[in-house]
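*Asks:* What follows is a structure written as C-alpha cells; I'll ask about it next.
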Amino acid sequence: MEYNGRESDHLMLITPERVFYAGLLGRPRKRTPGCCHVYVAVKGNLHLTIDDALASGELFVTLPNQRHSIASDYRTAISVTLEPESMPDGVLEALAERLMGPDRAAYARKILAAYALLRQRRYGDITTAEFDEMCFGEALPRRVLDPRVTRAVARIERFSGEPVTADTCATEAGLSASRFLHLFKEETGISFRSFRAWKRARHLLHFANQDLNLAHLAQDIGYPDSTHFSHSIRRFYGLKPRAIFVGSRDLAIYRSTETVRLAEAG
C-alpha cells in the first residue's frame, strides 16, 4: 500500500475497482459519475436530489451515470465507489436494493466501521474482495472480461504516453475498430469512449491533495486542453478542478499495490 498525503481524518483509499473516500463534499452542482456511489453520513443526514426530488437519510446509493447532487449536515461524508465493469450486469442494482432496504442502518454502521478501521491504518494492502467484505460484509461477484478487453482496460488505466485510442486497442486485439468497439461494449456494458472519459476523470483523484499546475496535469492525463478538462471534471464531479484541489489539501491518499503497479506500467 502506497501512502500519499498527510495525517488527517479525511482519507481516500484508491484501488483499480473501488474507492473509499471520507472528506468534504463541497457545494457541487449536479454530478454524473461513471461509477456507483454509496454515500454514508458521518453525522446527521445526507440530502440526495435526483430529478428535482429531494430525499434525506443516512445512506444513499446512486447508479453509474445517474445525475444527482448530494449534500450533508456535517462537513465530512463518506463515499464508496464501485466501478461497473468490475461486476456482472445486475449486481449493482441488487446491491443498491439491499443497501436501501430494511438493513439500511446496519449497512451504514458497517461502512462507518470501515472508516474507523481505515483511520487506524489496520488494513495493509487490500484486494477488491477484502474491500467489499470490509464495507458490505461480502465479496461481490466479479465480471470476467475477454482478455482482449482486459488488455485495453489496462492500457487505458496506465495514463502514460500517448492517449489511448480505439484504433490502437483494436490493432492490439487483432480486430477491426468497429468489431473491437462492439466487443468492448458487449463485455463491459459501457462504450469505449464513455469508459475512457470516466477513467481519465477518475485518475485525477490520485493527485487531489497535491499542489500542481492544473493545466500541466490536464495534459499529462490526456485532456486536449484546460477547457475540456474543466468541463469533464465538472460533469463527473459537480465541481471545478480547482475546488476539488482546494478541498483536498488535508486529504490522506492511499493507493493499493495493484493501483501503483498499473500507474507505473507501460
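*Asks:* Suppose we filter I126, I111 for residues that are assigned by the TED database to the domain that holds E83, touching a residue at least 12 places away in the same chain (Cβ under 8 Å), part of a loop (DSSP other than H, G, I, E, B) and open to solvent by less than 50 Å² (accessible area, probe 1.4 Å); which single one remains? Reasoning before the result, please.
*Replies:* On the way: I111 fails: part of a loop (DSSP other than H, G, I, E, B).
Exactly one of I126, I111 is assigned by the TED database to the domain that holds E83, touching a residue at least 12 places away in the same chain (Cβ under 8 Å), part of a loop (DSSP other than H, G, I, E, B) and open to solvent by less than 50 Å² (accessible area, probe 1.4 Å), namely I126.
*Asks:* Considering every residue within the range 39-53, establish whether at least one is at pLDDT 95 or above, crowded, with 16+ Cβ neighbours inside 10 Å and within 23 Å of R196 (Cβ to Cβ).
*Replies:* no
*Asks:* Do the conditions hold for R142, that is, is it outside the structural domain of I233 (by the TED database) and of a type in the set (D, E, K, R)?
*Replies:* yes
*Asks:* Residue pairs, Cβ under 8 Å, 6 or more apart or interchain, first in the range 142-168 and over 12 Å from F184 (Cβ atoms), second crowded, with 19+ Cβ neighbours inside 10 Å and among the acidic types (D, E). List them.
*Replies:* These pairs meet every condition: R143/E85.
*Asks:* Quick one: count up the residues across the range 61-75 that are closer than 23 Å to A116 by Cβ, touching a residue at least 40 places away in the same chain (Cβ under 8 Å) and open to solvent by 10 Å² or more (accessible area, probe 1.4 Å).
*Replies:* 2
*Asks:* Do we have Y21 as in contact with a Ser or Thr (Cβ under 9 Å, 6 or more places away or on another chain), open to solvent by 20 Å² or more (accessible area, probe 1.4 Å) and of a type in the set (S, T, Y) here?
*Replies:* So Y21 passes the test.
*Asks:* Right, something else. How about the range 129-158: which of its residues are outside any helix (DSSP H, G or I) and crowded, with 19+ Cβ neighbours inside 10 Å?
*Replies:* So the first thing to find is which residues in the range 129-158 are outside any helix (DSSP H, G or I), and the list is 137-146, 157-158.
Result: L140, E157.
*Asks:* Then there is this: State yes or no: is V91 among the β-branched types (V, I, T) and crowded, with 20+ Cβ neighbours inside 10 Å?
*Replies:* no
The values are calculated or read from the model by the stated rules, or taken from the named source; none is laboratory data. Everything numeric in this text was worked out from a predicted model, so none of it was measured. Heads up, the Cβs are rebuilt from the backbone with ideal geometry, glycines too, and the neighbour counts pull from every protein chain shown. Areas reflect the complete protein model, heavy atoms only, side chains present, ligands, DNA and RNA absent. Shrake-Rupley method; radii C 1.70, N 1.55, O 1.52, S 1.80 Å.
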